[in-house]
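One structure, pasted below without further comment.
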Amino acid sequence: ERWLREAKAQGVRALETLRGSVEKAIEHLGRGFLQAAANKSLHGKLRSGELTMEGYFHQLLRLVYRLLFLFAAEDRGLLHPPTADGDARRLYASGYSVTRLRGLAGSIVGSAHPDLYEGLKIVMRSLSGEEGCPTLGLPTLGSLLWSTDTLPDLAEATLANEHLLAAARELAFTSRAGLLRPVDYRG
């Protein structure tokens, strides 16, 4: 009974920590997309009201959910089907995985280059597509989370590495006594 109470208390504390991390991640992403001069379409839709602030927020939240899903799926070894080619898995791990992204987030601030988000967009398109991406060993997931309709404005936008890494850092690490500690998404 004591263990059950402790597990519940830890779960509540983790949820509270994650809630704040999600809010901060949304802020980093939202600011990053708005600061990118190349996102003229996004800026125009927000100015005209075609995309409301609520709609923008929902797309940002969906992007955060996708990151959290990928963190958990990779940590649990569930992203690739058992039949995925070993070379494809290695290519994914070395250039496209969120495990790599989290490692970078823990060690560098990032720059104005958008290459990390471009890689993430390839992963997201692969998971939402009809055929997945055999080159990266990715299946198609076909759920609402991965539907192309849920990120219509962010799927074509650009995002500087510094903002993506800041968001990933918020979701992938906790800070205690000034030290970053990785969040375990296996459990």
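When you go through Y185, Y117, Y96, Y92 one by one, which is the residue that is hydroxyl-bearing (S, T, Y) and in contact with a Phe, Trp or Tyr (Cβ under 7 Å, 6 or more places away or on another chain)?
Y185
What's the number of the only condition in (1) of a type outside the set (S, T, Y); (2) farther than 21 Å from S21 by Cβ; (3) open to solvent by 80 Å² or more (accessible area, probe 1.4 Å); (4) touching a residue at least 24 places away in the same chain (Cβ under 8 Å) that E54 fails to meet?
(4)
Step by step: first the residues of region 95-115, then only those that are in contact (Cβ under 8 Å) with a residue 40 or more places away in the chain, assigned to a helix (DSSP H, G or I) and in contact with a Gly (Cβ under 9 Å, 6 or more places away or on another chain), then the one that is nearest to L70 (Cα to Cα). Which residue is that?
Among those that are in contact (Cβ under 8 Å) with a residue 40 or more places away in the chain, assigned to a helix (DSSP H, G or I) and in contact with a Gly (Cβ under 9 Å, 6 or more places away or on another chain), it is L101.
If E118 satisfies all but one of (1) assigned to a helix (DSSP H, G or I); (2) farther than 23 Å from K40 by Cα; (3) of a type in the set (D, E), what's the number of the condition it fails?
(2)
Taking the condition under 14 Å from the mean Cα position of the chain (by Cα), in a helix (DSSP H, G or I) and not hydroxyl-bearing (S, T, Y), does L154 pass?
In short, no.
Here are the criteria: (1) touching a Phe, Trp or Tyr at 6+ places or on another chain (Cβ under 9 Å); (2) at pLDDT 95 or above. Tell me which single one M53 does not satisfy.
(1)
Can you confirm whether region 57-67 contains a residue that is farther than 16 Å from L120 by Cα and surrounded by 15 or more Cβ atoms within 10 Å (Cβ to Cβ)?
no
With the checklist (1) open to solvent by 80 Å² or more (accessible area, probe 1.4 Å); (2) more than 25 Å from E23 (Cα to Cα); (3) at pLDDT 95 or above in hand, flag the one item A93 doesn't pass.
With (1) open to solvent by 80 Å² or more (accessible area, probe 1.4 Å); (2) more than 25 Å from E23 (Cα to Cα); (3) at pLDDT 95 or above applied to A93, the lone miss is (1).
Scan region 112-129 and give yes if some residue there is surrounded by fewer than 17 Cβ atoms within 10 Å (Cβ to Cβ) and of a type in the set (S, T, N, Q), otherwise no.
no
Turning to a different aspect of this structure: Being without any contact (Cβ under 8 Å) to a residue 60 or more places away in the chain and either under 14 Å from L70 (Cβ atoms) or crowded, with 17+ Cβ neighbours inside 10 Å (or both) is the filter here, so list the residues in region 140-178 that pass it. Step through it out loud before you land on a result.
Let us first name the residues in region 140-178 that are without any contact (Cβ under 8 Å) to a residue 60 or more places away in the chain, namely 140-144, 147-149, 155, 161, 175-178.
Listed by number, the residues that qualify are L141, S143, N161.
Within region 69-90, can you find the residues that are part of a helix (DSSP H, G or I) and either touching a Pro at 6+ places or on another chain (Cβ under 9 Å) or surrounded by 18 or more Cβ atoms within 10 Å (Cβ to Cβ) (or both)?
F69, L70, F71, E74, D75, A88, listed by residue number.
The values are calculated or read from the model by the stated rules, or taken from the named source; none is laboratory data. Worth saying up front: this structure is predicted, and the values here are computed from it rather than measured. For neighbour counting, all protein chains shown are included, and Cβ atoms are generated from backbone atoms with ideal geometry for every residue, glycine included. Calculation scope for accessible area: heavy atoms of the full protein, side chains included, ligands and nucleic acids excluded. Shrake-Rupley method; radii C 1.70, N 1.55, O 1.52, S 1.80 Å.
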